[in-house]
1. Which length gain, in nm to one decimal place, applies between Val66 and Leu10 when the Cα-Cα distance is subtracted from 0.36 nm times their residue separation?
2. For the chain, what does the helix formula give at 222 nm: sum of -39500 (n - 2.57) over DSSP H segments with n ≥ 4, over the residue count, nearest 500 deg cm²/dmol?
3. Using only alpha carbon pairs under 8 Å that are at least six residues apart, calculate the relative contact order of the chain and give it in whole percent.
4. In the chain, if the dipole is taken from +1 on Lys/Arg beta carbons and -1 on Asp/Glu beta carbons about the Cα centre, which of Gly64, Ser3, His15 is farthest to the positive end?
5. Per 0.36 nm of contour for each residue apart, how much would the distance between Ala73 and Leu51 grow if the chain were fully extended, relative to their Cα-Cα spacing?
6. Beta carbons within 10 angstrom, averaged per residue: use that to sort the peptides 60-68, 6-14, 25-33, 37-45, highest first.
7. Roughly how big is the chain's charge dipole about its Cα centre, with Cβ charges of +1 (Lys, Arg) and -1 (Asp, Glu), in debye to the nearest 20?
8. Per residue, what accessible area does the chain have, given a 1.4 Å probe and all protein chains present, in Å²?
Amino acid sequence: MPSFFLHLVLAGHRHPDPEGSEFPDHDSAVREAIAAAKDMMAEGLRGGKPLIRDASFEIVVDDGAVVATVTFAEAADHGS
């Protein structure tokens with residue numbers, strides 16, 4: 001199963017995912033990034049913080065290539 005890294009890009013800073021996760025395919029990694037973005041936004045809202053919409057996850061494969069980007073704004077607008 002291929003490894004994907006979900007690097008968080010927030011406030012102009014890239015926060016690398018040092019371990020990555022195995023997903024069966026690219027679409028599964030995108031779904032995980034959407035779910036993670038929604039979780040982070042919900043946690044912030046529960047903590048009384050403004051909605052994060054200007055962050056993103058870069059989905060990266062083992063060789064360092066970015067294969068997709070999921071913005072928090074897209075995740076917020078994505079159905080469940």
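1. 18.5 nm
2. Helix contribution divided over all residues of the chain: -11000 deg cm²/dmol.
3. Reported as a whole number, the value is 33 percent.
4. The residue sitting most towards the positive pole is His15.
5. 7.0 nm
6. 25-33, 37-45, 6-14, 60-68
7. For the chain, the charge dipole is close to 480 debye.
8. Details: 4930 Å² over 80 residues.
With all protein chains present, the chain gives 62 Å² per residue.
The values are calculated or read from the model by the stated rules, or taken from the named source; none is laboratory data. All of these numbers come straight from a predicted model, not from anything done at the bench. Using ideal geometry, Cβ is built from the backbone for each residue, glycine included, and neighbour counts are taken over all protein chains shown. Each accessible area value is taken on the protein alone, full model and side chains, heavy atoms only, with ligands, DNA and RNA left out. Shrake-Rupley method; radii C 1.70, N 1.55, O 1.52, S 1.80 Å.
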